[in-house]
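*Asks:* First the structure, which I've put down as structure tokens, then a few questions once you've had a look.
Quick note: the coordinates plus some simple rules give every number you see, no bench work behind them. These figures come from a predicted structure and were not determined experimentally. With ideal geometry, Cβ positions are generated from the backbone for all residues, glycine too; neighbour counts draw on all protein chains shown.
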Amino acid sequence: QVQLVESGGGLVQPGGSLRLSCAASGSIFSINTMGWYRQAPGKQRESVAAITSGGRTNYADSVKGRFSISRDNAKNTVYLQMNSLKPEDTAVYYCFANIGSLRHWGQGTQVTVSS
């Protein structure tokens, strides 16, 4: 049993910042890639950022230069630092962790960017 618990979402003004956290717990030997997806109202779920166990990162073009993904392997935790937030960043953000052949998902956390 693996669980991913997300935190850090909320309401922020355009131009502001938020930091999301996602901690994995349960039966874990090692975690491969971790990352974040988001789903905005009326839109498809899209990949936001990912980070491998070795620290290599990938970002969606829409967030490059504004978002930064990192991880703490000792804590089985992945973070998403979101700066210069825009209204179009409003979405439910879901973290994931690839463990063995399975992809585990967090429960989602709401991020709302509005003035």
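*Asks:* According to a simple spin-label model (label point 7 Å from Cα along Cα-to-Cβ), what is the distance in nm between residue 45 and residue 57?
*Replies:* Rounded to a tenth, the inter-label distance reads 2.3 nm.
*Asks:* Separate question: Under a Cβ-Cβ cut-off of 11 Å, what is the net charge of the residues other than residue 105 that fall near it, where Lys and Arg count +1 and Asp and Glu count -1?
*Replies:* Residues close to residue 105 contribute a combined charge of +1.
*Asks:* A follow-up question, please. Can you give the Rg/Rh ratio of the stretch 1-101, where Rg is from the C-alpha atoms and Rh is the Kirkwood radius?
*Replies:* Radius of gyration over Kirkwood radius for the stretch 1-101 works out to 0.96.
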